[in-house]
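The values are calculated or read from the model by the stated rules, or taken from the named source; none is laboratory data. Quick caveat: nothing in here was measured; it's all calculated off a predicted structure. Cβ: placed from backbone, ideal geometry, glycine included. Neighbour counts: every protein chain shown. Note: accessible area is taken over every heavy atom of the protein model, side chains too, but ligands, DNA and RNA are not part of it. Shrake-Rupley method; radii C 1.70, N 1.55, O 1.52, S 1.80 Å.
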Amino acid sequence: RILLGARVSFAVGFISVLISLLIGIPMGALAGFYGGWIDKVVMWFINVVWSIPTLLMVIAITLALGKGFWQVFIAVGFTMWVEVARIVRGQVLGIREKEYVQAARVLGYGDRQIIFRHILPNVLSTLVTFMPFVVISAITSITALDFLGFGLPPPTPSLGELLKQGTSTLRTAPWIVTSAFGTLIILLTVVTFIGEAVRESFDPKKFTIYR
């Protein structure tokens, strides 16, 4: 059950990050590239979502959508995209003033080509560096949800459910909670090292096409 729970936590973490990327990258890129009223509207929406505690937001979405595997993915993913959008926006604000972006505009490239071919590849390194923390946040969120009883429905195994069961058997079977907690620590450590390795492989300094 611990191995199956770890697998579920990994799945929730990475699919939630995928959902946050699909929402956060376009929102942050549009806000940073165009500025003006688009930036104000996007930042207003980001600040509204940002002001709500993540766990409360996830619980509210879970209660609205019901318990289920994909409902948890959507709930966690919709609360993580604001962090991605803020980072992408900040990077795009600095990159859009670079000489090669101005040169692309002079050559007549469209906004979509400039964003996807000249700006976002240079944001990738910073974004990949930040992704492990989003995965860790997603894993801890789903663990907290399962511990509180708002996560995956039984009998689906999860680390949060095992931790919850282990608290009632600390005297008779303490290995349940210690094993689940140890697995969670290992998961977070592995995700961090994976993110560091991916960041090094996507370092834009190694690719002259991005420079």
Some residue of the range 55-78 being polar (S, T, N, Q), more than 30 Å from PRO154 (Cβ to Cβ) and at pLDDT below 85: no
Total residues in the range 32-86, condition among the charged types (D, E, K, R) and open to solvent by 50 Å² or more (accessible area, probe 1.4 Å): 3
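Against the definition (under 19 Å from the mean Cα position of the chain (by Cα) and not hydroxyl-bearing (Ser, Thr, Tyr)), how does LEU107 come out, yes or no?
no
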Count - residues of the range 64-93 that are within 30 Å of PRO121 (Cβ to Cβ) and hydrophobic (A, V, I, L, M, F, W, C): 13
The range 6-22, subset surrounded by fewer than 17 Cβ atoms within 10 Å (Cβ to Cβ) and among the aliphatic types (A, V, I, L, M), residue nearest to VAL49 (Cα to Cα): LEU22
Residue under evaluation ASP146, criteria (1) surrounded by 14 or more Cβ atoms within 10 Å (Cβ to Cβ); (2) under 18 Å from SER20 (Cα atoms), criterion not met: (2)
Condition met for LEU124 (closer than 27 Å to SER9 by Cα and crowded, with 22+ Cβ neighbours inside 10 Å): no
Those residues of the range 65-94 which are free of Cβ contacts under 8 Å to residues at least 40 places away in the same chain, over 18 Å from ALA144 (Cβ atoms) and assigned to a helix (DSSP H, G or I), in sequence order: TRP70, GLY94
